[in-house]
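Shown next, in structure tokens, is the structure this report addresses.
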Amino acid sequence: MGLYIQGMGVSVSEVDQNKNEVLENRRKRALFRCTHRGMKEMDILLGGYAEAHLPLMNETELSALEEFLTLHDQDLFAWLMGSKPVPSEHDTKLFRDILAYYKDA
């Protein structure tokens, strides 16, 4: 039994469990978005990275991935393939981690 939060009617363990469920649901949505991009090449690239890394991502890292997923496939693909320079605002730790994941493969 967890610590009871007076006046809220819930225990700390229930709050933690709900937070974990919310995070897990976000991970599932992100995985779906990574594997259903609209461009098969991006499905493979982002899906492979997501399957390997999503289970260990914290809230901050997951938020960065969710923001990354708002970018256009054509731009992402060109940046990942090196055919276009990556704008500085998108040259993030996440972007470099995705590149490193495939360079090490």
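None of the figures in this text is laboratory data; all of them are computed from the coordinates on show. Keep in mind that what you see is a predicted model, and the values were worked out from it rather than measured. Don't worry about glycine lacking a Cβ; one is built from the backbone with ideal geometry, like all the others, and counts go over all protein chains shown.
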Completion exercise
Asserting the computed 222 nm helical MRE of the chain (DSSP H runs at least 4 long, -39500 (n - 2.57) per run, divided by residue count, to nearest 500) equals -20500 deg cm²/dmol
Handout entry: For the range 47-105, size of Cβ-based charge dipole, Lys and Arg +1, Asp and Glu -1, in debye
Key = 260
Exercise for the section: Estimate the FRET efficiency between residue 18 and residue 58 by the formula 1/(1 + (r/R0)^6), using the beta-carbon distance for r and 22 Å for R0, to the nearest 0.05. Expected result: 0.85
Completion exercise
Full extension between residue 102 and residue 51 adds, at 0.36 nm per residue less the Cα distance, a length in nm of 17.0 nm
Problem - Out-of-range pairs (alpha-carbon distance over 28 Å; input 19/40; 28/103; 19/84) - result: 19/40; 19/84
Handout entry: Under 5 Å, built H, 5+ apart or other chain: amide partners of residue 37
Key = 43
